[in-house]
Amino acid sequence: MTRHLLTGTELTRSDLLAVLRRAAALKADPALGRDSLAGRSVALIFQKPSTRTRISMEVGISELGAHPLLLRPDEMQLSRGESVKDTARILSRHVHAVGIRTNADALLEELADEGAIPVINLLTDGHHPCQVVADLLTLQEAFPERLGADGGFEDLHLAYVGDGNNVARSIALVGAIAGLRVTVVAPDGYQLDPDETTATLASDPRTGVAGADCLYADVWVSMGDTDSDARRTALAPYQVDDALLDAAAPGAIALHCLPAHPGEEITADVLYGDRQRIWDQAENRRHAQKALLEWALQAGPFAAEPAGAGSAVG
C-alpha cells in the first residue's frame, strides 16, 4: 500500500508519535539515517515560492542518502498542458517519491490517484502537514516533562492566533491526532469552518489564549490571498506580542511558521526574544521531513512495519 501525506490525517496516532520519536533521534544523531534512502530519488516540484521547505527537503533528502531532483514548473511539460495523469505516470517510472508545493489540493490528490509512488504535500491552499509535524517536534523539545507515557500531547494547549488558513487547519487536524488541545483565535470571516475541525474556535484574543502553552502566529496575507485594508484592519488586534503572551499560561512560548512580518502578526521583540522557539521550529522542518520521508517510503526503522502500523522507533 502506497503511503501518501496529503493532509496529515493519513497518519495514525502511533504513526505520528513514531515519526516524532524518529525525528528527534535523527536530530540528535544526523549519521543515524545516512543510508536509509540510499539509491533512491525524490522529485520536488515547487509551483509556489519556498525558502524553508525547499532548503530543508533538499538537504534532508541528501542526508538520508537519496538524490533530490528539483523540477521547476516552467521547465516541465505540465506547464504546457500535459495532464497531471500523464505526469504522475512518468514520475512513477523514474523516482521513488514526489513532494509538491502547489495551490489546489485537487492536483495533489490526482497525482496520488494516478501515480504509483508516495506523494507528499509541501503546502497547498488547504493544508501544510509537514509544518505541523515540525511544530509538534518543537513542542516536544520545549515541554518534554508534559508529554504522556506514549509521547502524546494531551497535557499541552496551543492557541493559533490570526487568519484561519491552511496552517491553522493542519494544526487543528494533525494536532488532534497527537492529542494536542488546539484553539484557533480568529476574527469573523477569517475563522476555520467549525464542521471541519474539533479545535476550539474563539474570536477574542485575550480570552482565547488563556491557559495556552504556545501562541502560534502566521502572516496575515498568505500566498494567494488578496491584500486589502479590510483584511489588515480585521487582523490587527490578533498580533502576538509580549502582552498577549502574558495572557497565556506561565512560561508560554511563541511559534511562527515563517516568513514573518515583524510589526504585523508578531512583534520584533517576540520574534527575536527569549520567549520563542521559532528558529528551532524552522530547523525542525528538516528533521521532521526526514522522518516523514522514511515513513512514506517504508525505509529505515519503518521498513519492517506493515502500512499504518507505526511502532515505536528511535
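The values are calculated or read from the model by the stated rules, or taken from the named source; none is laboratory data. Since the structure is predicted, the reported quantities are computational estimates derived from the model, not experimental observations. As a convention, Cβ positions derive from the backbone with ideal geometry for all residues, glycine included, and neighbour counts pool all protein chains shown. When the accessible area is computed, the model is the full protein with side chains, heavy atoms only, and any ligands, DNA or RNA have been set aside. Shrake-Rupley method; radii C 1.70, N 1.55, O 1.52, S 1.80 Å.
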Ser222: passes all of (1) within 21 Å of the chain's Cα centre (by Cα); (2) open to solvent by 50 Å² or more (accessible area, probe 1.4 Å); (3) at pLDDT below 95; (4) not β-branched (Val, Ile, Thr) but (2)
Read through the list (1) buried (at least 24 other Cβ atoms within 10 Å of the Cβ); (2) in a helix (DSSP H, G or I); (3) not charged (D, E, K, R), then give the number of the only condition that Ile177 fails. (1)
Checking the structure you have, find out if any residue of the range 229-241 is of a type outside the set (Lys, Arg) and in contact with a Lys or Arg (Cβ under 7 Å, 6 or more places away or on another chain). no
So which residues in the range 147-197 are on the phi < 0 side of the Ramachandran plot and small (Gly, Ala, Ser)? Gly148, Ala149, Gly152, Ala159, Gly164, Ala168, Ser170, Ala172, Gly175, Ala176, Ala178, Ala186
Condition (residue is within 19 Å of Ala97 (Cα to Cα) and either open to solvent by 30 Å² or more (accessible area, probe 1.4 Å) or in contact (Cβ under 8 Å) with a residue 60 or more places away in the chain (or both)) applied to the range 24-31: is it met by at least one residue? no
Selection over the range 144-174 where residues are part of a helix (DSSP H, G or I) and either closer than 25 Å to Arg231 by Cβ or among the hydrophobic types (A, V, I, L, M, F, W, C) (or both) yields a count of 9
If I filter the range 39-83 down to residues being outside any helix (DSSP H, G or I) and either exposed (fewer than 12 other Cβ atoms within 10 Å of the Cβ) or charged (D, E, K, R) (or both), which single residue comes out as nearest to the chain's Cα centre (by Cα)? Thr51
For Thr2: the one exception among (1) under 26 Å from Glu283 (Cβ atoms); (2) within 22 Å of the chain's Cα centre (by Cα); (3) in contact (Cβ under 8 Å) with a residue 60 or more places away in the chain: (1)
